[in-house]
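Peer 1: Just dropping this structure here.
The values are calculated or read from the model by the stated rules, or taken from the named source; none is laboratory data. What you see is a predicted model; the values in this text were computed from it and never measured. Counting neighbours? That spans all protein chains shown, and the Cβs are built from the backbone with ideal geometry, glycine included.
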Amino acid sequence: MSSTMMKSTMKSVLLGVSACVAMSASAFAQTVAIMNGDVHTISGNVIEDGDVIIRNGRIAQVGADLTAPSDATVIDASGKVVTPGLFAPYSSIGLVEIGADQESNDSYPEGGFSLGAALDATDAYNPSSTLIPINRAGGITRALSTPSAGDTLFGGNAAVIDMSGRVNSIMKPAAAQVLVMGYGGAARAGDTRMGSWLVLREYLDEARSYRANPNDYVRRPHEGRFLVSDLKALGPVIAGEQPLLVRIDGANDIRKLIELKNTYSLRVIVVGGSEAWRVGDALQAANIPVILDPLVNLPSQFEDLSATLENAARLHAAGVKIAFYNPPGFGAHNLRALTQQAGNAVAEGLPHDAAMAALTINPAEMFGLASRLGTLEAGKIADVVVWDGDPLEVTTQPEAVLIDGVVQDLGNRQNALMKRYRDLSRGDLPHAYRGGE
Amino acid sequence: MQKLKLAALCALLLGACSQQTGDNPATETDAAEAAGESKTTAQETAANSESEEASDDGPSLPSKNPYPSTYEAYPSDTVLITGATILTAAGDQIEGGSILLQDGKIAAVGAGEDVTAPDGAVEIDAAGKWITPGVIDIHSHLGDYPSPSMASTSDGNEVTSPNTAHVWAEHSVWPQDAGFTRALAGGVTTLQILPGSANLFGGRSVVLKNVPSRTVQGMKFPGAPYGLKMACGENPKRVYGEKGGPGTRMGNMAGYRSAWIEAAGYKKKWDDYETDYEEWAAKDDDDEDKGDAPDAPGRDLKLETLAGVLDGDIRVNMHCYRADEMVQVLDMAKEFDYQVTAFHHAIEAYKIADYLAEAGVCAAMWSDWWGFKLEAYDTVMENAALVHAQPNSCAIIHSDSAIGVQRLNQEAAKAMAAGRRAGIDVEPKDAIAWITAHPAKSMGILDQTGTLEAGKAADVVLWSGNPFSVYAKAEKVYIDGALMYDRDDPARSPRMDFEIGQKDNDFTGGAGQ
């Protein structure tokens with residue numbers, strides 16, 4: 001991480017009314033003291049009237065009655081809630097600007113493109129996407145930039161990114177591989193689940209064979225069903241090193257997935273899981289987390305019949321680690337609504353602290369980053385959000401967002417448009433001359 | 001053709017979404033193509049029906065209501081709810097308020113001491129709870145894009161011609177859609193079901209009471225006017241660009257205008273017929289010159305609906321995202337002398353909120369959806385509040401989603417909070433109208449529902465707390481005074497046919513699932 005790079009992207013910052021601070025030019029070296037807030041550490045109890053001291057991008061101290069260092073930028077968090085930054089564990093952030101326009105949507109291949117697993121989000125990730133500051137203003141500080149499957153079963157390598165928008169914001173490339181099963185998988189394999197499971201097993205067998213001896217593999221004759229680039233990319237999956245994110249909903253399909261995970265010793269994360277609660281005990285026993293949309297409660301397909309608003313609460317009660325994602329089709333534009341989704345899960349029985357964990361530490365654990373992210377503990381990366389109330393409440397907003405200890409600009413394109421058209425009067429010049437930031 | 005799973009959400013959003021789902025790159029056009037290839041000729045085959053036979057009683061005019069509502073309110077108790085915070089949607093927030101429901105109507109609403117119960121009334125202590133009018137969604141496709149969402153149930157958009165004004169959404173509504181029950185658990189008592197937005201003229205909408213019925217007629221809101229769905233912008237030109245057009249926004253405008261010209265001619269034929277008939281009927285039967293009664297013109301279903309707009313009987317609901325297009329449409333409405341009732345998905349309403357208020361047109365908006373297509377790029381969270389801030393404005397929050405319809409209260413809350421942060425004076429007593437009184441006004445049913453005022457239908461929601469909180473739940477939902485949903489009583493939670501007998505799938509259904 002380069003400090004010059006961070007300096008160059010720092011802008012003057014206007015925080016909320018109660019937390020107005022002037023920024024120093026030396027952003028990375030800055031010391032920040034967030035004082036007197038309700039501090040949700042996630043790792044332990046809520047510290048009422050607590051403080052978080054940040055130095056050199058890391059959390060230096062968390063506790064009550066701390067003293068702000070003399071060189072610190074002080075954020076008064078009295079009456080506010082302080083949490084770790086939120087982590088969106090499954091989104092197409094940075095890969096899409098306009099969903100419907102192919103020219104600005106890199107999130108999956110089209111037109112019968114033959115490769116899948118070998119694709120890599122880092123090749124397309126655009127840190128200047130307007131979606132990033134818009135969702136950063138909603139408290140999202142990290143995300144998995146996730147490609148989706150095109151015509152093959154695999155979507156490719158997803159990357160953990162930070163939401164600073166700076167040039168080098170890839171935190172962990174190849175953090176996960178993406179697979180679609182359930183009906184979505186069947187639709188890509190002869191329109192039958194028999195096809196999708198058969199093809200998946202063959203992919204895994206071939207990938208294992210390739211990984212065991214690449215030179216030998218390419219010399220032997222093959223039917224040409226799979227491309228070597230894809231098999232090579234599946235190496236870390238078959239080695240159990242890289243988690244496989246599996247879009248899958250029905251309980252019957254998930255049972256099959258658990259069997260496959262055990263047979264091949266894979267690391268698996270369920271995404272979707274509308275019926276996951278039906279197999280909660282088995283998921284817990286197999287150590288498979290679930291990334292879900294807690295608002296799904298319609299029998300949309302025969303694989304979703306038992307979808308219920310209590311999915312999150314029931315999975316949590318079964319000991320399954322959960323996190324949340326926006327439903328497909330809204331995969332990146334409204335990551336800021338993850339808090340609303342979590343709030344609704346709480347309204348349906350999920351404990352509030354479990355919902356907060358699902359937004360912070362759980363995704364960090366899923367992608368092997370729990371030692372660096374996800375809680376407010378000394379030594380961790382200082383991704384911190386100061387909220388004007390309960391983070392899960394629909395009327396609440398962040399007043400300050402820090403990424404790597406740097407206070408972020410909460411301005412974005414939507415704010416600029418709002419300011420431009422706040423006053424519709426004709427004025428001395430057209431609207432195109434106003435608020436041109 | 002390869003089957004592609006349409007996420008329920010996306011299918012419901014046919015008009016709005018059109019973005020590819022994350023793992024299932026099904027596009028709106030796919031759905032459009034799935035809807036059918038053959039051109040319908042329904043409008044050409046409409047034959048004169050018996051009702052059109054001339055009689056001595058007057059000219060033979062087509063029935064304006066050939067599929068009449070058979071809705072009847074279910075039995076209700078006299079109910080007094082006390083101690084609640086009441087948002088009337090008529091401008092008041094009453095603390096410690098009471099409401100009396102009697103004979104299916106709101107008998108009284110006000111401060112606790114002002115409302116008393118007659119003997120035998122059921123009394124409900126609602127301390128700490130909130131009461132609002134039943135929620136109204138002006139933009140729904142429930143029943144037309146039902147659950148389960150399969151090619152075989154995709155009945156929401158007749159994507160066969162840019163002008164399908166002849167189709168009626170009610171003829172696609174499957175009353176067994178489980179989505180209706182989930183919406184009920186979100187406090188929704190009335191919905192407008194619209195055709196999709198692939199066409200310039202999508203067809204007629206229908207207004208439904210959210211009361212399960214074996215028939216769609218049993219759900220139809222008695223007396224509610226019909227609506228016409230129209231669409232601006234990207235959808236029609238994308239769907240028809242390579243199918244004979246329109247392929248451009250100017251093509252869209254030309255398509256509307258040509259149709260209005262034709263409709264005006266059709267209207268004139270029928271107006272002339274009525275005049276001729278009156279003149280004929282006025283003649284003495286003994287008059288040798290009287291002759292036979294004039295013949296009625298031939299019917300055309302498409303033009304009948306468009307003429308209904310020009311007559312002021314049918315309300316125009318126009319899907320339109322961009323500010324500049326909305327203002328073009330306002331000029332077109334002047335050109336052909338009709339009124340636009342509401343712009344739906346009005347992402348850029350805030351840029352022309354003054355024009356909309358001046359023209360008396362409602363803007364139906366989402367709180368924060370954006371970016372799924374370029375015409376949805378410029379949304380702002382303050383959109384509804386900025387529209388609201390104009391004098392004589394009409395801001396509406398709509399869903400266009402089987403998921404979103406379940407929590408329109410939260411969507412209104414987000415839009416309200418954003419407005420307040422921007423310094424716009426908007427409170428719960430105002431924002432509640434965005435999902436109740438304003439859609440009711442736009443749909444022509446405000447005289448019957450949409451506010452809590454004595455004499456109106458007892459369409460009422462009792463919330464567990466402040467409905468502008470994520471944690472609030474609709475506990476009881478009354479429609480015409482009948483308790484149609486009770487969160488604490490499984491016997492008061494509807495289960496559609498599709499949902500029963502599936503226990504092996506752990507599928508029990510019901511409003512609160």
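Peer 1: What are the residues in region A:170-189 that are buried (at least 24 other Cβ atoms within 10 Å of the Cβ) and either β-branched (Val, Ile, Thr) or over 22 Å from A:VAL246 (Cα atoms) (or both), if any?
Peer 2: Once the filter is applied, which keeps residues that are buried (at least 24 other Cβ atoms within 10 Å of the Cβ) and either β-branched (Val, Ile, Thr) or over 22 Å from A:VAL246 (Cα atoms) (or both), region A:170-189 yields A:VAL178, A:VAL180.
Peer 1: Look at region A:192-218 and say how many of its residues are out of contact with any helix residue (DSSP H, G or I) (no Cβ under 9 Å at 6 or more places or on another chain) and not in a helix (DSSP H, G or I).
Peer 2: Adding up the residues that qualify gives 1.
Peer 1: Checking B:ALA364 against (1) in contact (Cβ under 8 Å) with a residue 60 or more places away in the chain; (2) within 9 Å of another protein chain (Cβ to nearest Cβ); (3) under 22 Å from B:HIS141 (Cα atoms), which single condition isn't satisfied?
Peer 2: (2)
Peer 1: Any residue at all in region B:140-162 that's in the same structural domain as B:MET365 (by TED's automatic domain parsing), in a strand (DSSP E or B), out of contact with any Pro (no Cβ under 9 Å at 6 or more places or on another chain) and touching a residue at least 40 places away in the same chain (Cβ under 8 Å)? Please lay out each step first, then the result.
Peer 2: Step one: of region B:140-162, the residues in the same structural domain as B:MET365 (by TED's automatic domain parsing) are B:140-162.
Then keep just the ones that are in a strand (DSSP E or B); that gives B:140.
Adding the requirement that they be out of contact with any Pro (no Cβ under 9 Å at 6 or more places or on another chain) leaves B:140.
Those left that are additionally touching a residue at least 40 places away in the same chain (Cβ under 8 Å): B:140.
Looking through region B:140-162, at least one residue is in the same structural domain as B:MET365 (by TED's automatic domain parsing), in a strand (DSSP E or B), out of contact with any Pro (no Cβ under 9 Å at 6 or more places or on another chain) and touching a residue at least 40 places away in the same chain (Cβ under 8 Å).
Peer 1: Still on this structure, I have one more. Output the residue which, of all residues in region B:135-151 that are polar (S, T, N, Q) and within 12 Å of chain A (Cβ to nearest Cβ), is surrounded by the most Cβ atoms within 10 Å (Cβ to Cβ).
Peer 2: Ranking the qualifying residues of region B:135-151, first place goes to B:SER147.
Peer 1: Same structure, new question: When residues of region A:401-418 are filtered for being more than 10 Å from every other protein chain (Cβ to nearest Cβ), of a type outside the set (S, T, N, Q) and under 21 Å from B:ASP368 (Cβ atoms), how many remain?
Peer 2: 4
Peer 1: Among the residues of region B:451-499, write down those that are free of Cβ contacts under 8 Å to residues at least 40 places away in the same chain and more than 21 Å from B:ALA178 (Cβ to Cβ).
Peer 2: Of everything in region B:451-499, just one residue is free of Cβ contacts under 8 Å to residues at least 40 places away in the same chain and more than 21 Å from B:ALA178 (Cβ to Cβ), namely B:TYR471.
Peer 1: Could you please find all residues in region A:131-152 being within 12 Å of chain B (Cβ to nearest Cβ) and assigned to a loop (DSSP other than H, G, I, E, B)?
Peer 2: Matches in region A:131-152: A:ALA137, A:GLY138, A:THR146, A:PRO147, A:SER148, A:ALA149, A:GLY150, A:ASP151, A:THR152.
Peer 1: Still on this structure, I have one more. Among the candidates B:PRO212, B:PRO225, B:PRO246, which residue alone is in contact with a helix residue (DSSP H, G or I) (Cβ under 7 Å, 6 or more places away or on another chain), assigned to a loop (DSSP other than H, G, I, E, B), under 20 Å from B:ALA165 (Cβ atoms) and not small (Gly, Ala, Ser)? Give the derivation first.
Peer 2: Details: B:PRO212 fails: under 20 Å from B:ALA165 (Cβ atoms); B:PRO225 fails: in contact with a helix residue (DSSP H, G or I) (Cβ under 7 Å, 6 or more places away or on another chain).
Answer to the check: B:PRO246.
Results for (1) touching a helix residue (DSSP H, G or I) at 6+ places or on another chain (Cβ under 9 Å); (2) within 23 Å of A:ILE59 (Cβ to Cβ), shown as yes or no for each residue.
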residue	(1), (2)
A:THR395	yes, no
A:GLU399	yes, yes
A:GLY427	yes, no
A:PRO430	no, no
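Condition check ((1) modelled with pLDDT of 50 or more; (2) in the same structural domain as B:ALA472 (by TED's automatic domain parsing)) across all residues:
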site	(1), (2)
B:GLY36	no, no
B:GLU52	no, no
B:ASN65	yes, no
B:TYR71	yes, no
B:THR85	yes, yes
B:GLU95	yes, yes
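Peer 1: Which is farther than 15 Å from B:THR190 by Cα and free of Cβ contacts under 8 Å to residues at least 60 places away in the same chain, of B:ILE424, B:ILE397?
Peer 2: Within the list B:ILE424, B:ILE397, the selection yields B:ILE424.
Peer 1: Provide a single number: the residues in region A:74-118 that are among the polar types (S, T, N, Q) and either crowded, with 19+ Cβ neighbours inside 10 Å or not assigned by TED's automatic domain parsing to the domain that holds A:VAL270 (or both).
Peer 2: We begin by selecting, within region A:74-118, every residue among the polar types (S, T, N, Q); these are A:78, A:83, A:91-92, A:102, A:104-105, A:107, A:114.
Okay, now just the ones that are also either crowded, with 19+ Cβ neighbours inside 10 Å or not assigned by TED's automatic domain parsing to the domain that holds A:VAL270 (or both), so A:78, A:83, A:91-92, A:105, A:107.
So the answer is 6.
Peer 1: Let me ask something additional. Identify, from the list A:SER145, A:SER196, the residue that is small (Gly, Ala, Ser), closer than 19 Å to A:LEU86 by Cα and surrounded by 24 or more Cβ atoms within 10 Å (Cβ to Cβ).
Peer 2: Testing whether each residue is small (Gly, Ala, Ser), closer than 19 Å to A:LEU86 by Cα and surrounded by 24 or more Cβ atoms within 10 Å (Cβ to Cβ) leaves just A:SER145.
Every residue, every condition in (1) of a type in the set (A, V, I, L, M, F, W, C); (2) buried (at least 19 other Cβ atoms within 10 Å of the Cβ), yes or no:
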position: B:ASP289; (1), (2): no, no
position: B:ASP311; (1), (2): no, no
position: B:PHE343; (1), (2): yes, yes
position: B:GLU348; (1), (2): no, yes
position: B:PHE372; (1), (2): yes, yes
position: B:ALA389; (1), (2): yes, yes
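Peer 1: With the requirement that a residue be more than 14 Å from A:LEU292 (Cα to Cα), within 14 Å of chain B (Cβ to nearest Cβ) and either part of a loop (DSSP other than H, G, I, E, B) or of a type in the set (Gly, Ala, Ser) (or both), what does region A:337-385 give you?
Peer 2: Those that are more than 14 Å from A:LEU292 (Cα to Cα), within 14 Å of chain B (Cβ to nearest Cβ) and either part of a loop (DSSP other than H, G, I, E, B) or of a type in the set (Gly, Ala, Ser) (or both): A:ALA347, A:GLU348, A:GLY349, A:PRO351.
Peer 1: Which one of these does B:ASP378 not meet: (1) away from every other protein chain (no Cβ under 14 Å); (2) of a type outside the set (S, T, N, Q); (3) surrounded by 19 or more Cβ atoms within 10 Å (Cβ to Cβ)?
Peer 2: With respect to (1) away from every other protein chain (no Cβ under 14 Å); (2) of a type outside the set (S, T, N, Q); (3) surrounded by 19 or more Cβ atoms within 10 Å (Cβ to Cβ), B:ASP378 is out only on (1).
Peer 1: Please determine whether any residue of region A:208-230 is in the same structural domain as A:THR122 (by TED's automatic domain parsing), within 24 Å of A:LEU144 (Cα to Cα) and touching a Lys or Arg at 6+ places or on another chain (Cβ under 9 Å).
Peer 2: No, because not a single residue in region A:208-230 is in the same structural domain as A:THR122 (by TED's automatic domain parsing), within 24 Å of A:LEU144 (Cα to Cα) and touching a Lys or Arg at 6+ places or on another chain (Cβ under 9 Å).
Peer 1: Quick check on region A:279-311: of everything there that is touching a residue at least 60 places away in the same chain (Cβ under 8 Å) and surrounded by 24 or more Cβ atoms within 10 Å (Cβ to Cβ), which residue is farthest from B:ASP177 (Cα to Cα)?
Peer 2: A:PRO289
Peer 1: In region B:192-206, which residue that is closer than 30 Å to B:ASP324 by Cβ and not in a loop (DSSP other than H, G, I, E, B) is farthest from the chain's Cα centre (by Cα)? Steps first, answer last, please.
Peer 2: Of the residues in region B:192-206, the ones closer than 30 Å to B:ASP324 by Cβ are B:192-205.
Restricting the remaining residues to those that are not in a loop (DSSP other than H, G, I, E, B) gives B:192-193, B:201-205.
Numbers: B:GLN192: 2, B:ILE193: 5, B:PHE201: 16, B:GLY202: 14, B:GLY203: 13, B:ARG204: 10, B:SER205: 7 Å.
Filtering first and then ranking leaves B:PHE201.
Peer 1: Here's a follow-up. I want to confirm something. Restricting to region B:423-479 and keeping residues that are acidic (Asp, Glu) and within 29 Å of A:GLU348 (Cα to Cα), which single residue is farthest from the other protein chains (Cβ to nearest Cβ)? Lay out the reasoning, then the answer.
Peer 2: So the first thing to find is which residues in region B:423-479 are acidic (Asp, Glu), and the list is B:425, B:427, B:430, B:447, B:453, B:459, B:475.
Those still in the list that are within 29 Å of A:GLU348 (Cα to Cα) too: B:427, B:430, B:459, B:475.
Working: B:GLU427: 12, B:ASP430: 14, B:ASP459: 23, B:GLU475: 12 Å.
The extreme case among them is B:ASP459.
Peer 1: Shifting gears a bit: Looking only at region A:75-130, which residues are facing chain B (nearest Cβ under 10 Å), touching a Ser or Thr at 6+ places or on another chain (Cβ under 7 Å), among the small types (Gly, Ala, Ser) and in a loop (DSSP other than H, G, I, E, B)?
Peer 2: Within region A:75-130, A:SER92, A:ALA100, A:SER107 qualify.
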